[in-house]
Amino acid sequence: MSGYSQSEPLARTAPIEANVRKGAKPASQSHRLPGDGIIDRRSPLQFSFDGKTMTGFAGDTLASALVANGVKLVGRSFKYHRPRGIVTAGSEEPSALVEMRTGARREPNTRATTQELYDGLIANSQNRWPSLRRDLMSINQLFAPIFVAGFYYKTFMWPARFWEAIYEPMIRRAAGLGKSAELPDPDHYDKAWAHCDVLVVGAGPAGLSAALAAGRAGSRVILVEEDSLIGGRLLSDGGEIDGLDAREWLRRATRELVSLPNVRIMTRTALFGVYDGGTYAALERVSDNVAMPDRHQVRQRIWRIVARRSVVTAGAIERPIVFSGNDRPGVMMASAVRTYVNRFAALPGKRVALFTNNDDGWRTVETIERAGAHVVAVIDPRHEVPVQYQRLVDTYDLRVLAGVVSDVKGGVDGVRSIVVTNGKNGLTQRIDTDCLAVSGGWNPNVGLSCFHRGKPIWREDIAAFVPGNAPKGMATAGAANGELSLGACLRDGHSAGARAAAECGAVGKPGEASKADDEAYSITPLWHVKGKGKAFVDFQHDVTASDVTLAQREGFESVEHLKRYTTLGMATDQGKTSNINGLAIMAEASGRTIPETGTTIYRPPYAPVAIGAFAGHHRDENFHATRLTPSHHWAARHGAVFVDTGLWKRAQWYPRAGEKDWLESVTREVLAVRNGVGFCDVSTLGKVDVRGADAGAFLDRVYINAFSSLAVGKARYGLMLREDGIVMDDGTTSRLAEDHYFLTTTTAKAGPVMQHLEFCRQVLFPELDVQLTSATDQWAQLSIAGPNARKLLQALVDPSEDLTNEGFPFMGVREVQLRGGVTARLFRISFSGEMAFEISVPARYGAAMAENLMIAGKPYGVTPYGTEALGVMRIEKGHVAGPELNGTTTADDLGLGKMMSKKKDFIGRVMAGREALTAPNRQVVVGIKPVDRARRLRSGAHVIPKGAIPGPQTDQGYVTSVCFSPMLDQWIGLGLVERGRERTGEIVGIHDPLRTEDYEAEICSPVFYDPEGVRQRG
Amino acid sequence: MRIACPFCGERENGEFTYLGDAAPKRPNFVVDGGESPERIEDAFYDYVYLRDNLAGVMREYWYHGGGCRSWLVAERNTVTHEFIAVTAAPGAGAASAMRAGE
């Protein structure tokens, strides 16, 4: 690998994404080190950042490739548009957020530190105009005094009309980082389940130990790791384990885990949520490391992992120190500096200064010096060099300063120098540097263990919070548990893994924990170096130390208030690098300790998850399941227009050539039925088979009217109430045998009614011998209506079947033999008011039935009709439906009060008798027709007394259902009107504020057509 | 979260629907049996509307609509969401009906 030279030609083909400038000479990797790193120098990759073409290697992240190319400035900050660079090397990155990809795949706020490099990658900086280097919005810095904490609340108060006209548009223009794609997402997302005994979260030394222990013991183990590689800090900091170099140990550990069939390793998979009962959610970035997903491959996949035990070994996050200028490009976490050098062979700076208050930061010295760069100074406020690093001072002739960094000078190109203030005498000195590595200590990653309102516990010795009461079944280990040395991580992980396996009943041996040194770790907390200039706590939301102290002075002392008032920790990084510093500064300002101040509540997701990933495949036509009627394809062939009713697609009408609009088609269909014969698929109605010795008694209790008295071979209309007395649903129910009923529901309520019936059967009346079976999908049911319905049907049934009024009267039910041998159920029921039959055949014969009705009905001009014509005919007949059964109406409101049996208890009986539900001034169903016969009635319009001024005081009801009635040749409707039945013939006002219409209408009987019901009795 | 249906085993909670407190019992009365209508109405009012809002373990009705369509009685901790026990409602899954009083 070390033989690689930059002049080696690019082996890969041209970039996939088109606008990487072809032919332009890529910038050389000026900051790439010759050392080994974990990158593949034989696989160079070309990418573009802000239109400039550069190269990197397979194994790079976008951030490491930018570091290797000497790029420091990668974005502008949220409020002040200050130049910003790369701060970390992980998913906690608050600053290096870029817009990835272009067109429909453009995604803002992608962390450059987690984005793997691929050939042809296109990224752009955000929040700058016109360019990153010359950003005109950085003028915001001059107005900094108005952008202090709570500035929205303080600045945009008045005048009120300015809010919509000026403030809001201005804020919307200025706010947000980057632009999301404006085109539909072309990618697919997936959702999947996984199950295991032991879930190990994070594959650093502790996680690997835990997975090895649990895996050897025989448990089913899933090890998830958000990085593309397993190893965690071992990839960056190395060390010696079991006498081996850490990378060699890692290779062996990986080999062993892979060899265990009960262990599954999932890389690029970030755990983001912890849910009840041991369910976890993780996001797998399946194809984010390539320009676009392979054919039939998804971009991302959400895993729901059900685990009996989990071991969270999610490591720790190094925290910044808050000092003036700490946000300048080139100020980087010390651990990130080591990652870029050791893992990616990319050098963040050639003259590095180190500012650390703890021993761990000192590791950085050796990394930098071995990389051939120079450590210009180590600034440690503790006045003493840690014993174990004493040798470095001599070896590298280190300049060690006991003090703090009090300011950082530099421009868009990053850090040029720092100001160091002596801790004893307060004298300052300036040191030239191009990279300031900072370590304020390590915060164990307590988030996942706190998602169930766990309260983390403060540990003085490491000046950090550690997990408190983790959710049931979860253990924490390693750095996530506050164990910050390699040896302790290996031991802690091993014992947690072994314990979890044993709790799951594994009987195998977990083996021995690997051994490594326990490096000493001491820290003297340093949160904030007071001084002039902006000292940033939250880089992503531009929250400064003075914002925190201002919030305290203004009374926002609670951490939850602090968070909302300053927006600290509310950006996409959720304050991973800023929350603890913010509350420490608040603690100091308010004279409380850090544990007294406390943390804000931790909530999922741990890291941002795209909405698309949550949706998975459930989008567009797959948003929900689609139910097709048995005659659907037949209807489609006959040109039906379909309408969505719940999950169903139903034929709405069947347009014919030359018809100018839907109304003409629907009117034709109605007239065809009323004058001849038509048919309609009504299979969507819910159907329930009710069987058992007590079936009749059961139905008596769920319907307001009696069914035990229904004769075998008869159907009856039934109405059921909720227990509070309001109408739940209606439908016809037939008695097929002494102990066998066939119940129908409305289309919309099929599911809820089934649930209700099961509740009645299983919970309320378990003593009844009755069984329920949903049969909605088993039967194709077609309504055949019109004066010629009988003639048509006669042509289809066996000649021996008697369908005359005498042989098969109105409301009769029986089985019939169809010509060809199929047995059907025939119901003499009518929704249209015409002589009508409903015929039920097994669902698989539905399409054939429709086809045969067309053939046999040809002599009668048979016409298929849709839900619109169905609706017109039911309104003409005054039958109530969904708009009237609207969850507020009683049986009496619908004009069906007389159906309520006085002889028996039924669901809703007692509550329906309450005063307000029986009040004489209730709104009841009436017919409504405009006085002006040419006027179109619209549903939703209000009914008021004639001549009254519209308003809540004069409102007397509203129009529920309307249609154009071909029989009356005018628009008619049903409505719910106060005392409506007493007001037949009254002229009322119709007020339609939505369409600004006012006109007069007459209250009439809801039965507009054939009120005596002569036609349906045929 | 998964819920242990006594008929189907552990299933995803999305298959289930929550109804509420299993404590209130539907009042039993005989039509024209001499009981005062006010008393009957009061009893139904309590049954339909009045619920204890427990923080802790309570018995609740759940419906396994995405599975065996059984009504279940779950003992659940409303603070931790932990299911302690799930049993079938008296008439759930019964091959033959229970007799009253059983």
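Is it the case that some residue within segment B:6-24 is in a loop (DSSP other than H, G, I, E, B), out of contact with any Leu (no Cβ under 7 Å at 6 or more places or on another chain), facing chain A (nearest Cβ under 10 Å) and not aromatic (Phe, Trp, Tyr)? Yes, some residue in segment B:6-24 is in a loop (DSSP other than H, G, I, E, B), out of contact with any Leu (no Cβ under 7 Å at 6 or more places or on another chain), facing chain A (nearest Cβ under 10 Å) and not aromatic (Phe, Trp, Tyr). From the list B:Gly14, B:Gly9, B:Gly20, exactly one residue is on the phi > 0 side of the Ramachandran plot, touching a residue at least 24 places away in the same chain (Cβ under 8 Å) and not hydroxyl-bearing (Ser, Thr, Tyr). Which is it? On inspection, the qualifying residue turns out to be B:Gly20.
Quick one: in segment A:769-810, which of the residues that are aliphatic (A, V, I, L, M) and surrounded by fewer than 20 Cβ atoms within 10 Å (Cβ to Cβ) is nearest to the other protein chains (Cβ to nearest Cβ)?
In the first step, residues of segment A:769-810 are kept if they are aliphatic (A, V, I, L, M); the result is A:770, A:772, A:775, A:780, A:782, A:784-785, A:789, A:792-793, A:795-797, A:803.
From what is left, the residues that are surrounded by fewer than 20 Cβ atoms within 10 Å (Cβ to Cβ) are A:775, A:795, A:797, A:803.
Values: A:Ala775: 13, A:Ala795: 40, A:Val797: 35, A:Leu803: 37 Å.
Across segment A:769-810, the extreme among qualifying residues is A:Ala775.
Looking only at residues in segment B:65-82 that are surrounded by fewer than 17 Cβ atoms within 10 Å (Cβ to Cβ) and β-branched (Val, Ile, Thr), which one is nearest to the other protein chains (Cβ to nearest Cβ)? Out of the qualifying residues, it is B:Thr80. Answer with yes or no whether B:Phe44 is under 26 Å from A:Met911 (Cα atoms), of a type in the set (A, V, I, L, M, F, W, C) and part of a loop (DSSP other than H, G, I, E, B). For B:Phe44, the condition - under 26 Å from A:Met911 (Cα atoms), of a type in the set (A, V, I, L, M, F, W, C) and part of a loop (DSSP other than H, G, I, E, B) - is not met.
Of the residues making up segment A:260-295, just one is within 14 Å of another protein chain (Cβ to nearest Cβ) and of a type in the set (D, E, K, R), namely A:Asp276.
Exactly one residue out of A:Leu736, A:Leu710, A:Leu719 is closer than 17 Å to A:Leu885 by Cβ and more than 14 Å from every other protein chain (Cβ to nearest Cβ), and it is A:Leu719. Scanning segment A:370-395 for residues that are over 24 Å from A:Gly35 (Cβ atoms), under 50 Å from the mean Cα position of the chain (by Cα) and of a type outside the set (A, V, I, L, M) turns up A:Asp380, A:Pro381, A:Arg382, A:Pro386.
Flag: A:Gly243 does not match the condition of being within 30 Å of A:Ile523 (Cβ to Cβ), of a type in the set (Gly, Ala, Ser), touching a Pro at 6+ places or on another chain (Cβ under 9 Å) and surrounded by fewer than 24 Cβ atoms within 10 Å (Cβ to Cβ). Restricting segment B:55-64 to residues that are of a type outside the set (Val, Ile, Thr) and surrounded by fewer than 18 Cβ atoms within 10 Å (Cβ to Cβ), which is nearest to the other protein chains (Cβ to nearest Cβ)? Within segment B:55-64, the match that is nearest to the other protein chains (Cβ to nearest Cβ) is B:Arg59. For segment A:989-1011, enumerate the residues that are assigned to a strand (DSSP E or B) and among the aliphatic types (A, V, I, L, M). Once the filter is applied, which keeps residues that are assigned to a strand (DSSP E or B) and among the aliphatic types (A, V, I, L, M), segment A:989-1011 yields A:Ile990, A:Ala1001, A:Ile1003.
Quick check: anything in segment A:863-870 of a type in the set (Val, Ile, Thr), free of Cβ contacts under 8 Å to residues at least 40 places away in the same chain, assigned to a helix (DSSP H, G or I) and within 17 Å of A:Ile784 (Cβ to Cβ)? Looking for residues that are of a type in the set (Val, Ile, Thr), free of Cβ contacts under 8 Å to residues at least 40 places away in the same chain, assigned to a helix (DSSP H, G or I) and within 17 Å of A:Ile784 (Cβ to Cβ), one finds none in segment A:863-870, hence no.
Residues being assigned to a loop (DSSP other than H, G, I, E, B), within 14 Å of chain B (Cβ to nearest Cβ) and closer than 19 Å to A:Asp700 by Cα: count how many of those fall in segment A:891-928.
The qualifying residues number 10.
Under 6 Å by Cβ, and 6 or more places apart or on different chains, what pairs join a residue from segment A:592-609 that is more than 10 Å from A:Trp458 (Cβ to Cβ) with one that is charged (D, E, K, R)? Final answer for the pair search is A:Thr600/A:Glu560; A:Thr600/A:Lys563.
Within segment A:215-232, being closer than 15 Å to A:Thr254 by Cα, assigned to a loop (DSSP other than H, G, I, E, B) and in contact (Cβ under 8 Å) with a residue 40 or more places away in the chain holds for A:Glu225, A:Asp227, A:Ser228, A:Leu229, A:Gly232.
Would you confirm, using the coordinates I've provided, whether A:Ala847 is within 47 Å of the chain's Cα centre (by Cα), buried (at least 17 other Cβ atoms within 10 Å of the Cβ) and part of a helix (DSSP H, G or I)?
Taking the combined requirement at face value, the residue satisfies it.
In segment A:616-645, the residues that are more than 17 Å from A:Ala780 (Cβ to Cβ) reach residues that are modelled with pLDDT under 95 and in a helix (DSSP H, G or I) with C-beta atoms within less than 8 angstrom, at least six apart or across chains, in these pairs: A:Arg619/A:Gly612. Screening A:Arg304 against (1) among the charged types (D, E, K, R); (2) without any contact (Cβ under 8 Å) to a residue 12 or more places away in the chain; (3) within 14 Å of chain B (Cβ to nearest Cβ) leaves a single unmet condition, (2). Restricting the search to strands (runs of 3 or more DSSP E) fully inside segment A:282-377 and requiring at least 3 residues that are in contact with a strand residue (DSSP E or B) (Cβ under 6 Å, 6 or more places away or on another chain) and surrounded by fewer than 24 Cβ atoms within 10 Å (Cβ to Cβ) gives A:300-312. Could you please let me know if A:Ile457 is at pLDDT 95 or above, surrounded by fewer than 21 Cβ atoms within 10 Å (Cβ to Cβ) and within 45 Å of the chain's Cα centre (by Cα)? Taking the combined requirement at face value, the residue satisfies it.
From the list B:Asp52, B:Asp32, the one residue that fits, being more than 10 Å from chain A (Cβ to nearest Cβ) and either surrounded by fewer than 16 Cβ atoms within 10 Å (Cβ to Cβ) or assigned to a strand (DSSP E or B) (or both), is B:Asp52. Looking across A:Arg979, A:Arg995, A:Arg933, one residue alone is at positive phi and out of contact with any Asp or Glu (no Cβ under 6 Å at 6 or more places or on another chain). It is A:Arg979.
The values are calculated or read from the model by the stated rules, or taken from the named source; none is laboratory data. What you see is a predicted model; the values in this text were computed from it and never measured. All Cβ positions, even for glycine, are placed from backbone atoms using ideal geometry, and neighbour counts span all protein chains on display.
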